[in-house]
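Chemist: Can you read through this structure? Questions will come right after.
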Amino acid sequence: MLALEGIPLGHRFTFLEPSPDPPAATVGTVIPAAYDDPGALARIAREADVVTYEFENVPAASAAYLAERLPVLPPPRALGATQDRLAEKQMFKSLGIPTAPFHSLDTPGDLATALATARLPAVIKTRRFGYDGKGQIVARSPAEAATALDTLGPGLIAEQFIHFERELSILAVRSRDGRRVSYPLTENHHRGGILRASYAPAPGITPALQARAADFAARIMDQLDYVGVLAIELFLKNDRLLANEMAPRVHNSGHWTLDGADTSQFENHIRAVTGLPLSAPRVPGPAAMLNIIGELPDPSAVTAVPGAHLHLYDKVPQPGRKLGHVNITGSDEATIRASAEQIWALLPGEPPVLPAGRRPG
Ligand code: AMP
């Protein structure tokens, strides 16, 4: 999707991609090698003008090697800040960005202190390499917390379980010369730890809440001298925003921008990393994004739904695998909801997930 949006801007793309038959092969050259393959990294250093990534578990040493030779954007320090959940939460805290109470957890001796801060019920998560809800256990008692520690091993973070009203995300972009733009807050629905649906702009968000989220993003991006799209996942509870995690890349909860905004997150990311001016995105109406997971729907049925835009990734179906998404645009929320319900009916085994109702004010 970065290439699809970057090609009209005059760029060509080369992908370092270890998996066989990658979707990116249709839009650029693929170097089929591991992320730490010395020959592949040397070739990229010779041939590329700028390097970016859309996956945060890029080995730090690979990013450092490339950054000595050409611009790597977002800067590798952003990878460092997001690869460890504890360091990430500590950074939020140091920047005055609220989070769920948290504590590191490595040995049984840490349990009492960790639970005194995080309190039960707590979410126990691996600090590194967790994604889509993997490597996390909700503990409701000290015994369950001890079992979680046993199961997940050392290198954990314990967080208070937040009974949030909604999950939101903000996508913000910073240019090489430090200018920033952001997209409207998006409402996200997960199931089994995987994003199922996003609704944007999130219904019922006050300008003050939007400004607060944009300010969180600004603090983080300025701190990291960031360039590119940054996504921050947030919990909304009692009008408070708590930062859960961030991703130094274009994000699934911003896929709606391909059809719902005049400039997508992908175009703005390419603009940022290649030194072009950013576009302050205009969002003419509501939009939704429904992920296609595990099984492909009938394309003719999907595209027959009013306002539906199908995006397939050319991936082999596998249970739990994100194979594409459907964006829905329309003039009002009722139209979006009606189309979303039709699309859900075409996605096997997926009960509908609808946006929270618009609240007064
Ligand atoms: P994460 O990998 O941190 O994004 O967590 C995946 C999902 O688990 C989140 O999108 C939330 O739905 C849920 N979750 C994570 N942390 C918490 C928490 N502290 N309290 C409640 N739910 C959480």
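Chemist: Which whole-number percentage describes the relative contact order of segment 166-346, with Cα contacts under 8 Å and a sequence gap of 6 or more?
Modeler: Here the relative contact order equals 21 percent.
Chemist: Expressed in nm to one decimal, what extension gain is obtained for the pair LYS237 and ASP222 from 0.36 nm per residue of sequence separation less their Cα-Cα distance?
Modeler: 2.8 nm
Chemist: Separate question: What nm value, rounded to one decimal, do you get for the distance between ALA334 and ALA34 when each label is placed 7 Å out toward the C-beta?
Modeler: Reported label-point gap for ALA334 and ALA34 is 5.8 nm.
Chemist: Using per-residue counts of other Cβ atoms within 10 Å, averaged over each peptide, order 283-292, 121-130 from highest down.
Modeler: Result, highest mean Cβ count within 10 Å first: 283-292, 121-130.
Chemist: Between their Cα atoms, which of LYS89/LYS237; LYS134/LYS322; LYS93/LYS237; LYS89/LYS322; LYS125/LYS315; LYS89/LYS134 are more than 25 Å away from each other?
Modeler: Flagged as over cut-off: LYS89/LYS322; LYS125/LYS315.
Chemist: Also, I was wondering about something else. Which whole-number percent is the relative contact order of the chain (Cα, under 8 Å, 6+ apart)?
Modeler: Relative contact order comes out at 14 percent.
Chemist: Using alpha-carbon pairs under 8 Å, 6+ residues apart, how would you state the relative contact order of segment 172-219 in percent?
Modeler: 32
Chemist: Which one of MET221, GLN265, ASN244 is farthest out on the positive end of the charge dipole of segment 214-277, using unit charges on Cβ (Lys, Arg +1; Asp, Glu -1) and the Cα centre as origin?
Modeler: Going by the charge dipole, the pick is ASN244.
Chemist: At 222 nm, what value in deg cm²/dmol follows for the chain if DSSP H runs of at least 4 each add -39500 (n - 2.57) and the sum is divided by all its residues, to the nearest 500?
Modeler: -8500 deg cm²/dmol
Chemist: Further question: Can you tell me how much longer the chain between ASP49 and VAL138 gets when fully stretched, taken as 0.36 nm per residue apart minus their C-alpha distance, in nm with one decimal?
Modeler: Contour length minus Cα-Cα distance gives 27.6 nm.
Chemist: Still on this structure: For ASP298 and LEU312, compute 0.36 nm times the residue count separating them, minus their Cα-Cα distance, and round to one decimal in nm.
Modeler: This chain segment gains 3.9 nm when fully extended.
Chemist: Still on this structure, I have one more. Could you tell me whether the chain comes out rounded, prolate or oblate from its Cα gyration tensor? Rule is a ≥ b ≥ c as square roots of the eigenvalues, rounded for a/c under 1.5, then prolate if a/b exceeds b/c, otherwise oblate.
Modeler: Note, shape of the chain comes out rounded.
Chemist: Here is a follow-up. Rounded, prolate or oblate: pick one for segment 126-224, where a ≥ b ≥ c are the square roots of the eigenvalues of its C-alpha gyration tensor, a/c under 1.5 means rounded, and failing that, prolate if a/b is larger than b/c, else oblate.
Modeler: prolate
Chemist: ALA25 versus PHE161, label points 7 Å from Cα toward the beta carbon: distance in nm?
Modeler: The answer from the label model is 4.5 nm.
Chemist: In addition: Please report, largest first and rounded to whole Å, the three semi-axes of the ellipsoid equivalent to segment 166-346, where each semi-axis is the square root of five times an eigenvalue of the C-alpha gyration tensor.
Modeler: Semi-axes (√(5λ), whole Å): 27, 18, 16.
Chemist: Just the accessible area per residue of the chain, please: how many Å² with a 1.4 Å probe?
Modeler: 44
Chemist: Moving on to the next point. Probe radius 1.4 Å, ligands and nucleic acids ignored: give me the carbon and sulfur share of the accessible area of the chain as a rounded percent.
Modeler: The C+S portion of the solvent-accessible surface of the chain is 53 percent.
Chemist: Using a Gaussian network for the chain with springs between C-alpha atoms less than 10 Å apart, which of these wobbles most: ILE270, ILE162, ILE328?
Modeler: Result: ILE162 has the largest fluctuation of those listed.
The values are calculated or read from the model by the stated rules, or taken from the named source; none is laboratory data. Small disclaimer: the values here were computed from a predicted structure and weren't measured. Virtual Cβ from ideal backbone geometry, glycine too; neighbours counted across all protein chains shown. Just the protein is used for accessible areas: all its heavy atoms, side chains included, with ligands, DNA and RNA removed. Shrake-Rupley method; radii C 1.70, N 1.55, O 1.52, S 1.80 Å.
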